[in-house]
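Here's the structure, in structure tokens; my notes come after.
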Amino acid sequence: MSFDYDLFVIGGGSGGVRAARVAAAEGAKVALAEDDRMGGTCVIRGCVPKKLMVFASSYREAMAEAQDYGWTVHAGGFDWPSFQAKLNGELDRLEGVYRNLLNNSGVQIYDARGKMKDAHTVALSTGEEVTAKHILIATGGKPALPGMDNDHLGITSNDIFHLPELPKRILIVGGGFIACEFACILNGMGVEVTQYYRGAQVLRGFDDEARGLVAEMMIKKGVDLHVGTNIVEMRREADVDDTSLMTASDATKGLTEDKEAELRHTYGQGKGGPIWVKASNGTTQVFDQVMFATGRTPNTEDLGLDNTGAKLGRRGEIIVDEYSQTSQPSIYAVGDVTNRVNLTPVAIREGMAFVETVFKGNPTKVDHELIPSAVFTQPELGTVGLTEEEARDQEPVDIYCTSFRPMQQAFIDREDRVLMKLVVSKETDVVLGCHIVAPAAGEMIQLAGIAVKMGATKAQFDQVCAVHPTMSEELVTMKTPMRSA
Ligand code: NDP
């Protein structure tokens, strides 16, 4: 049977683009369909714009610290529209880069939505139908709302980059990566941030001591974090039957333009007005925006997978084997749509392993073990390997841990603390986990991750000479365990 293409990729994010162009470089005839902007979540509405916002938000504190170091600083406020224009320009540039990478590799681009018609046929939203020997689904994921009444009044991480102006007060719901990162970003930008997390401590799944310190630092830096708390009711403030609450239009009647603008800023963004929220702790509050960071779901809706033999899991994820192959042999899937480890570099590696397996005759499993990652809170949390809690359930461990005020902040009498922690097997001395809470922990954990992935022992860490004076030198100078577990 002859096909239009050797490979058809649905989804132009990190995993899909990489697989498409590497397969094309191997000589395969490849096409890719994307119905939104090329680059996917990471480039367009995730890692990249988020990290640029992290940088933007960090200067307020940096300027205050500079003053304490003796600089004369005349800082004005943060100009969101000016930053946003630059951000949009950068995203346009990156989207162009992704498009060029595909074009230069000879990949045919369809700016259309693709839907599976059968195991080898994709129906495009343009009305065309194309066939391919292999199909790779790399459609990623999307933010999930909690499913409560009026949750459509809230925004998600997809919307945050497009706000015409920053809210004065925002409620962020959730305690995961996205909730904590945006709580810190917006707090840094001068927004009053309240965060509700339904569990006992944010960043569930990370090392307890590490997430405890991140939460403590977030609160110290101004995030009004409430754990064990969720929304029980939310409405437009204007719809609330409580005359003691002023609506934006009531508040601005008969005022001068300047005063009106000021009050509009206080009472909402004009897009429907402020939101009244009742929390599970009994309090009520009004916010200009409510952002739900309550998880993400795989993008498999209306993908036509029921027309093929590919199976979905309980959360809508595509079920694949170690080679990213679905239960329909011609269909593979990589990245967040498979809900394995939802990180950009993992999707890229899954895409590369798929090409090795299918186009290079070299069956390659993706290695999902010991993946370092970072949460870009302020301070950052970098982690690789087992948490203390996971490790001690597995075997006896020694815990090497130190938390201290870093030199840069101690000098100006700041209360910032950092944490360096190693979880070490008692039996083999292998470092099973490394957890860092510190500015630039993401950079540090990339390097510590090499040693941990290589199976380095604590003795081997200690053979490495310290780089002095740094925060991370503690990783090679902790001589005695703080405790055994
Ligand atoms: P997470 O799954 O990490 O967090 C979701 C949060 O929402 C959890 O705190 C969860 O609580 C809470 N939640 C879920 N449902 C509800 C509900 N109905 N009501 C209230 N709270 C709720 O998802 P994120 O969206 O933060 O991130 C998605 C993924 O994206 C991450 O797992 C990560 O892989 C990736 N990511 C990575 C980043 C990085 O590498 N720096 C940055 C951003 C995202 P509970 O804990 O109780 O379940």
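A few notes on this one:
- Taking trypsin sites (Lys or Arg not before Pro) across region 331-428, the ones in a DSSP loop with at most 14 further Cβ atoms lying within 10 angstrom of their Cβ are Lys360, Lys365, Lys426.
- To the nearest 10, the accessible area of Thr126 is 80 Å² with a 1.4 Å probe.
- Note on region 69-182: dipole from Cβ charges, positive end direction compared against Pro81, Leu163, Leu145; the farthest Cα belongs to Leu145.
- Entry note: region 1-157 has Rg to Rh equal to 1.15, where both radii use alpha-carbon atoms and Rh is the Kirkwood radius.
- Overall dimensions of region 279-326, expressed as equivalent-ellipsoid semi-axes from the Cα gyration tensor (√(5λ), whole Å, largest first), are 38, 12, 10.
- Exposure check, 1.4 Å probe, all protein chains in place: Lys453 carries approximately 90 Å² of accessible surface.
- Low-density loop cleavage sites - GluC sites (Glu not before Pro) in region 115-213, where at most 16 other Cβ are within 10 Å (DSSP): Glu128, Glu165
- Rg to Rh, two decimals, where region 327-485 supplies the alpha carbon set and Rh follows Kirkwood: 1.06
- Residue (of Leu386, Ala451, Tyr400) at the positive-pole extreme of region 370-475, dipole from beta-carbon charges: Ala451
- Here's the picture: charge each Lys and Arg Cβ at +1 and each Asp and Glu Cβ at -1 in the chain, and of Thr428, Ala440, Tyr196 the one pushed furthest to the positive end of that dipole is Thr428.
- Whole-percent pair-distance distribution, where bins are 10 Å wide, for the alpha carbons of the chain: 4, 17, 24, 25, 19, 9, 2, 0
- Across the chain, the mean sequence separation of Cα contacts (distance under 8 Å, 6 or more residues apart), normalised by length, yields a relative contact order of 15 percent.
- For region 1-80, the fraction of alpha-carbon pairs in successive 10 Å shells from zero, as %: 16, 27, 19, 14, 13, 8, 2, 0
- Total charge dipole magnitude, region 371-465, about the Cα centre, Cβ charges on Lys, Arg, Asp, Glu only, Debye to nearest 20: 200 debye
- For the chain, accessible area per residue (1.4 Å probe, heavy atoms of protein chains only), Å²: 46 Å²
- A run of the chain free of exposed loop cleavage sites, with chymotrypsin sites (Phe, Trp or Tyr not before Pro) counted only in DSSP states other than H, G, I, E and B and at most 12 other beta carbons within 10 Å, reaches its longest extent at 72-410.
- Dipole moment magnitude, nearest 20 debye, region 263-373 about Cα centre, only Lys, Arg, Asp, Glu C-beta charged: 460 debye
- Mean ellipticity per residue at 222 nm, deg cm²/dmol - from DSSP H runs of n ≥ 4 across the chain, formula -39500 (n - 2.57): -9500 deg cm²/dmol
- Among the GluC sites (Glu not before Pro) in region 420-485, those located in a DSSP loop and surrounded by at most 10 other Cβ atoms within 10 Å of their own Cβ are Glu427.
- Region 78-92 residues near the modelled Ile109 label - backbone nitrogen below 13 Å, point 7 Å along Cα→Cβ: 92
- Charging the Cβ of each Asp and Glu at -1 and of each Lys and Arg at +1, and nothing else, the dipole of the chain about its Cα centre rounds to 480 debye.
- Among the protein heavy atoms of region 123-181, carbon and sulfur supply 53% of the accessible surface, probe 1.4 Å, non-protein parts ignored.
- Set the Cα radius of gyration of region 77-214 against 2.2 N^0.38 Å, with N its number of residues, and you get 1.42.
The values are calculated or read from the model by the stated rules, or taken from the named source; none is laboratory data. Values in this document were obtained by computation on a predicted structure and should not be read as measured data. All Cβ positions, glycine included, derive from the backbone under ideal geometry; neighbour counts span all protein chains shown. The accessibility values were calculated without ligands, DNA or RNA, using every heavy atom of the protein model including side chains. Shrake-Rupley method; radii C 1.70, N 1.55, O 1.52, S 1.80 Å.
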